[in-house]
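**Student:** Pasting a structure here, questions to come.
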Amino acid sequence: MPLVDVEGWRRDSRREEFRGMGVERGEYLFGVFAGVVLHAAVKDAVAEGSSLSVGTLYAVPLKAVVRVVRDGADYAFLVGVPGACTDDEEETAVLALRLCVYVRSPGLRVLRRYLPHALHTITGRSAATDPTCGDLRGWARAAGLGHGEVPS
């Protein structure tokens, strides 16, 4: 989200939209949803013959991530939800995402609309013609948001 939030009003607007739609802990829920969508995009690439690796994740075009959001059924996103969480906040977000899917919450529509919007906002600032998840990681690292190397 910090890559989208270059202008302060974006963060405030997003938080207000999340609150207005009744999405509690929207930032965490968005992060879990984005991770689940990336997982689905990698699984699609593997089904098309790519290896299951970090390299495959980095090679996935951001357009493919947007397609997953637009084309995936709500219940299909549950496949990528982690079974074990690293902390209470992540567990709360995962449980909230599951609940959104089960009760067909309007919050899921907000997340489904916001993820492509966020990716278009970020990629619109780049000269890359067909940016990938690897480019996204590079932009995060350049912005000081990286957390070290990911093993391949």
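**Student:** Using a Förster distance of 35 Å, how high is the FRET efficiency between ARG67 and THR92, based on the Cβ-Cβ distance and rounded to 0.05? Each step should come with its number before you reach the end.
**Tutor:** On the way: r = 29 Å, r/R0 = 0.82.
The formula returns an efficiency of 0.75 here.
**Student:** Right, something else. With a cut-off of at most 14 other beta carbons within 10 Å, and DSSP calling the residue loop, which GluC sites (Glu not before Pro) in segment 14-104 qualify? Please list them.
**Tutor:** Working: sites: GLU16, GLU17, GLU24, GLU27, GLU48, GLU89, GLU90, GLU91; in loops: GLU24, GLU48.
Counting only loop positions with at most 14 other Cβ atoms within 10 Å, the GluC sites (Glu not before Pro) in segment 14-104 are GLU24, GLU48.
**Student:** OK, next. How much FRET efficiency would the formula 1/(1 + (r/R0)^6) give for LEU78 and VAL6, where r is the Cβ-Cβ distance and R0 is 25 Å, rounded to 0.05?
**Tutor:** The calculated FRET efficiency here is 0.15.
**Student:** Could you please state how large a percent of the accessible area of segment 1-87 is carbon and sulfur, counting protein chains only and using a 1.4 Å probe? Don't skip to the answer; put the middle values down first.
**Tutor:** On the way: 2750 of 4930 Å².
Answer for segment 1-87 is 56 percent, counting heavy atoms of protein chains only.
**Student:** Can you list residues from other chains, or at least 5 along the same chain, whose modelled amide H is less than 5 Å from the amide H of THR132?
**Tutor:** Hits under the 5 Å cutoff: LEU62.
**Student:** Obtain the nm distance between the two label points defined at LEU145 and ARG104 by a simple spin-label model: each point lies 7 Å from its Cα along the Cα-to-C-beta direction.
**Tutor:** It is 3.4 nm.
**Student:** If you plug each phi of segment 120-135 into the Karplus form 6.51 cos²θ - 1.76 cosθ + 1.60 with θ = phi - 60°, what whole-Hz ³J(HN,Hα) values come out, in order, with x for Gly and Pro?
**Tutor:** Taking θ as phi minus 60°, the curve returns 5, 4, 5, 6, x, 8, 10, 8, 5, 7, 9, x, 10, 4, x, 4 Hz for segment 120-135.
**Student:** Once you sort the root eigenvalues of the Cα gyration tensor of segment 36-89 as a ≥ b ≥ c, which label holds: rounded (a/c under 1.5), prolate (a/b larger than b/c) or oblate (the other case)? Let's see the in-between values first.
**Tutor:** Values: a/c = 1.94, a/b = 1.32, b/c = 1.48.
It comes out oblate by the Cα gyration axes.
**Student:** Starting from the Cα gyration tensor of segment 34-152, take the square roots of the eigenvalues, sort them a ≥ b ≥ c, and report rounded, prolate or oblate (rounded when a/c is under 1.5, otherwise prolate if a/b is larger than b/c, else oblate). Mind dumping the intermediate values first?
**Tutor:** Details: a/c = 1.44, a/b = 1.39, b/c = 1.04.
Rounded shape, in that the Cα axes give a/c under 1.5.
**Student:** Shifting gears a bit: For the chain, with every protein chain kept in place, what is the accessible area per residue (1.4 Å probe, Å²)?
**Tutor:** Working: 8800 Å² over 152 residues.
Roughly 58 Å² per residue, with all protein chains present.
The values are calculated or read from the model by the stated rules, or taken from the named source; none is laboratory data. Keep in mind that this is a model prediction, so the values were computed, not measured. As a convention, Cβ positions derive from the backbone with ideal geometry for all residues, glycine included, and neighbour counts pool all protein chains shown. In case anyone asks, the SASA skips ligands and DNA or RNA and just uses the protein heavy atoms, side chains included. Shrake-Rupley method; radii C 1.70, N 1.55, O 1.52, S 1.80 Å.
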